[in-house]
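The values are calculated or read from the model by the stated rules, or taken from the named source; none is laboratory data. Given the structure is predicted, the values throughout are model-derived calculations rather than measurements. For neighbour counting, all protein chains shown are included, and Cβ atoms are generated from backbone atoms with ideal geometry for every residue, glycine included. Just the protein is used for accessible areas: all its heavy atoms, side chains included, with ligands, DNA and RNA removed. Shrake-Rupley method; radii C 1.70, N 1.55, O 1.52, S 1.80 Å.
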Amino acid sequence: MSSLHKSRIADFHDVLKEPTIALEKLRELSFSGIPCEGGLRCLCWKILLNYLPLERASWTSILAKQRELYSQFLREMIIQPGIAKANMGVSREDVTFEDHPLNPNPDSRWNTYFKDNEVLLQIDKDVRRLCPDISFFQRATEYPCLLILDPQNEFETLRKRVEQTTLKSQTVARNRSGVTNMSSPQKNSAPSSLNEYEVLPNGCEAHWEVVERILFIYAKLNPGIAYVQGMNEIVGPLYYTFATDPNSEWKEHAEADTFFCFTNLMAEIRDNFIKSLDDSQCGITYKMEKVYCTLKAKDVELYLKLQEQNIKPQFFAFRWLTLLLSQEFLLPDVIRIWDSLFADDNRFDFLLLVCCAMLILIREQLLEGDFTVNMRLLQDYPITDVCQILQKAKELQDSK
């Protein structure tokens with residue numbers, strides 16, 4: 001470890017040991033990258049995403065309160081109607097006589113259950129293929145959710161629920177068509193077979209199952225937006241960072257901590273995921289146009305070239321902005337970019353500059369290329385050195 005790196009770690013420790021964290025100082029340090037040693041990044045992200053307050057003395061009580069609240073969400077939202085134990089407030093008899101799967105009442109718990117399944121199936125398909133370049137999300141977590149996996153209770157895991165729902169949908173399709181060799185509705189989709197991954201022993205669960213639970217609970221608590229494809233790419237790096245925390249006391253609660261940090265992050269970027277807001281001033285279309293406006297101010301020749309070729313920002317910047325660049329780089333590089341984004345006191349204004357920097361750094365190739373070549377460049381970005389990109393974005397910021 002270099003002396004410069006040791007010095008940076010010491011600077012972080014100096015800021016974080018104060019009774020009241022100096023937020024501006026923390027942002028300044030974090031903007032240049034947060035060391036992963038000692039769980040520094042995990043702690044800084046929790047502060048920068050407003051999960052932990054600036055007063056250190058309140059951390060213990062707030063964490064305990066939030067983690068208990070998350071356990072309460074698990075109890076209320078991962079229970080299949082008709083399976084929960086009587087002492088959890090839902091007995092078999094209650095559901096059988098007062099409510100049942102064919103109840104037409106929209107307030108029926110069964111009706112809600114079936115609607116939730118539609119959301120759950122989409123989440124399940126997306127989280128199973130999360131970060132395919134690494135095996136992390138397919139591996140078993142050291143801290144499975146004992147509340148759900150405890151053999152003494154009758155909770156149903158979301159994975160089991162998906163399996164049963166898929167089997168039922170296959171049966172229905174077969175019966176309605178009158179054909180006995182009807183293929184599964186999911187058979188022709190991207191690799192998302194229920195048997196695609198090795199089945200873990202009882203009492204274990206993979207990291208992707210934890211992410212699935214986080215997204216499902218978020219969808220339940222936020223019915224206005226529910227789940228939109230791409231949210232899995234936002235929660236993935238957050239969970240990975242917290243679940244690999246070298247401090248086991250923090251790592252044990254990675255699921256709850258990720259949920260609340262993800263919720264706070266989504267509160268700031270959720271407009272990107274709401275189609276009806278696309279053309280509003282807070283929507284994704286406005287932000288994409290802002291990238292081109294910035295490019296026009298910084299490099300008018302390149303801007304005119306893209307305009308001439310009718311390369312609209314929707315063709316590439318939609319994904320860049322909506323997913324916070326999580327699909328353009330390898331996970332460690334995405335995490336480094338997010339250090340700077342989370343430290344931005346103007347909340348993601350810097351992201352627009354990063355996108356602009358990405359264009360300017362390949363300007364020579366773009367100026368020489370035709371439409372097809374340039375689209376390939378923008379949809380499979382060639383530069384892998386994110387420090388170079390961030391440095392260029394900072395230059396653009398300072399030259400305003």
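Some points to look at:
- Number of residues in segment 289-317 that are within 30 Å of residue 47 (Cβ to Cβ) and either in a loop (DSSP other than H, G, I, E, B) or not basic (Lys, Arg) (or both): the value is 3.
- If you filter segment 137-160 down to residues that are among the hydroxyl-bearing types (Ser, Thr, Tyr) and over 14 Å from residue 71 (Cβ atoms), you find that the one that is most open to solvent (accessible area, probe 1.4 Å) is 157.
- Where residue 55 falls short, out of the listed (1) surrounded by 15 or more Cβ atoms within 10 Å (Cβ to Cβ); (2) in contact with a Pro (Cβ under 9 Å, 6 or more places away or on another chain): (1)
- Count of segment 264-301 residues which are touching a Pro at 6+ places or on another chain (Cβ under 7 Å) and open to solvent by 50 Å² or more (accessible area, probe 1.4 Å): 1
- Tallying residues that are more than 26 Å from residue 397 (Cα to Cα) and small (Gly, Ala, Ser) within segment 25-61 yields 5.
- Residue list for segment 364-378, filter: surrounded by 13 or more Cβ atoms within 10 Å (Cβ to Cβ) and under 11 Å from residue 316 (Cα atoms): 374, 375, 377, 378
- Every condition in (1) under 30 Å from residue 164 (Cβ atoms); (2) part of a helix (DSSP H, G or I); (3) modelled with pLDDT under 95 holds for residue 80 except the one numbered (2).
- Tally of residues being under 20 Å from residue 233 (Cβ atoms) and open to solvent by 30 Å² or more (accessible area, probe 1.4 Å) across segment 302-318: 3
- A residue that is over 20 Å from residue 130 (Cα atoms), in a helix (DSSP H, G or I) and open to solvent by 10 Å² or more (accessible area, probe 1.4 Å) occurs nowhere in segment 327-344.
- Tabulated pairs, segment 358-375, first assigned by the TED database to the domain that holds residue 393, second in a helix (DSSP H, G or I) and among the charged types (D, E, K, R), C-beta under 7 angstrom, 6+ apart or interchain: 360/298; 360/392; 361/392; 366/305; 367/305
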